[in-house]
Amino acid sequence: MNTYSNELKNIQPGKTIDLSIIIPCYNEEPNLDYLFERLISVLKPLNMTYEIICVNDGSRDNTLNCLIEHHQHNSLIKVINLSRNFGKEVAMTAGLDYAMGKAVIPIDADLQDPPELIGDMVAKWQEGYDVVYGTRKSRSGESWLKQMTANSFYRVIQKMTPIKIPQDTGDFRLMDRQVIEAIKQLPETHRFMKGLFAWVGFKQISLEYDRPARYKGVTKWNYWKLWNFALEGITSFSAVPLKIWSYIGLFISCIGFVYAAYLIVKTLILGIDVPGYASLMVVTLFLGGVQLITLGVMGEYLGRVHDEVKKRPLYLVRESYGFKDKY
Ligand code: UDP
Ligand code: MG
């Protein structure tokens with residue numbers, strides 16, 4: 001389990017603070033002022049105690065200094081500075097480990113997750129739901145190619161795993177303390193958060209919203225990263241790609257058997273037919289290809305098993321601001 005949760009044993013999560021907002025930040029300097037302004041204008045009227053935990057995920061711009069400055073003006077804004085860029089999923093995990101709220105809401109720094117939805121989420125939570133997730137009704141500022149690939153990804157992964165991963169749903173959601181404690185018990189290094197959030201279950205409900213374009217800055221995702229993200233999701237939640245090869249192998253063997261029988265009969269009737277180079281090549285190349293793909297798929301899983309057995313800590317914190325009982 002995570003090393004850092006041990007350091008938090010002096011403070012009891014879910015006792016004093018109502019809401020924890022978690023913001024993973026990677027090169028988000030131009031968004032921060034407006035983000036805090038909007039967040040705080042939404043949080044204040046709720047009359048709840050809250051904390052805003054910003055996780056600086058190895059930003060290369062001035063994000064860290066800007067966050068520290070905000071913390072100095074408002075101690076409810078707390079900062080965790082990771083030792084390098086670990087990726088959004090891990091940054092969010094760090095935030096979850098540090099969060100003390102009775103409910104926790106991860107939110108993007110680029111204002112693509114409208115803070116105004118938080119009020120509605122809290123209302124649903126107070127009605128008794130454990131997870132209130134935001135579902136994107138529309139997505140602006142994203143190319144049709146991204147929307148189409150995202151759609152097909154959700155469809156494919158749903159066919160491959162029994163876990164119901166909600167469509168068009170990001171990480172923007174409210175989760176009760178009970179859910180967070182459940183997620184903290186999942187020790188895996190490869191963290192496909194959407195899947196983990198779904199895996200833990202609990203009483204869930206969705207709220208629809210229109211996803212706006214990024215406020216400022218550029219997305220950190222390109223198609224190569226998205227492809228790897230999709231692989232992460234599939235390998236974390238499905239063993240279908242591993243198992244399918246036994247069936248493909250069986251199918252090819254059957255064809256091979258029928259073809260062999262045909263060749264034997266043909267040879268017996270018509271005698272030996274020497275030329276056969278083309279068909280031999282086709283069969284050899286085809287089988288070689290299939291075997292390489294199988295090895296590749298096994299490699300994808302084996303690589304992840306390798307990462308898991310190393311049991312390295314998920315992240316390292318360089319320093320933190322605003323967490324009294326630590327550092
Ligand atoms: N992010 C992060 N580490 C990374 C990449 C992204 O903490 O390595 C954060 C980023 O600062 C933002 C959120 O994750 O708050 C979503 O990133 P982005 O907007 O680039 O993703 P998109 O909305 O395009 O899927
Ligand atoms: Mg974004």
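The values are calculated or read from the model by the stated rules, or taken from the named source; none is laboratory data. Fair warning: this is a prediction, and the values are worked out from it, not measured in the lab. Every residue, glycine among them, receives a Cβ derived from its backbone with ideal geometry; neighbour counts consider all protein chains shown. The protein model used for the area step is the full one, side chains on, heavy atoms only, and it has no ligands, DNA or RNA in it. Shrake-Rupley method; radii C 1.70, N 1.55, O 1.52, S 1.80 Å.
Selection of the range 112-127 for residues being within 29 Å of Glu188 (Cα to Cα) and either assigned to a loop (DSSP other than H, G, I, E, B) or open to solvent by 10 Å² or more (accessible area, probe 1.4 Å) (or both) yields Gln112, Asp113, Trp125.
Please state which one of Lys146, Lys137 is within 16 Å of ligand 2 (Cβ to nearest atom) and either open to solvent by 30 Å² or more (accessible area, probe 1.4 Å) or outside any loop (DSSP other than H, G, I, E, B) (or both).
That would be Lys146, the only listed residue that is within 16 Å of ligand 2 (Cβ to nearest atom) and either open to solvent by 30 Å² or more (accessible area, probe 1.4 Å) or outside any loop (DSSP other than H, G, I, E, B) (or both).
Name the residue, out of Glu188, Glu142, Glu116, Glu181, that is touching a residue at least 24 places away in the same chain (Cβ under 8 Å) and within 16 Å of ligand 1 (Cβ to nearest atom). Just a single option satisfies the conditions, and that option is Glu142.
Sort out for me the helices (runs of 4 or more DSSP H) sitting completely within the range 173-237 that have 1 or more residues that are within 16 Å of ligand 2 (Cβ to nearest atom) and in contact with a Gly (Cβ under 8 Å, 6 or more places away or on another chain).
The qualifying helices (runs of 4 or more DSSP H) are 193-199.
Just to confirm my filter: which strands (runs of 3 or more DSSP E) fall fully inside the range 1-93 and include at least 1 residues that are at pLDDT below 90?
17-25
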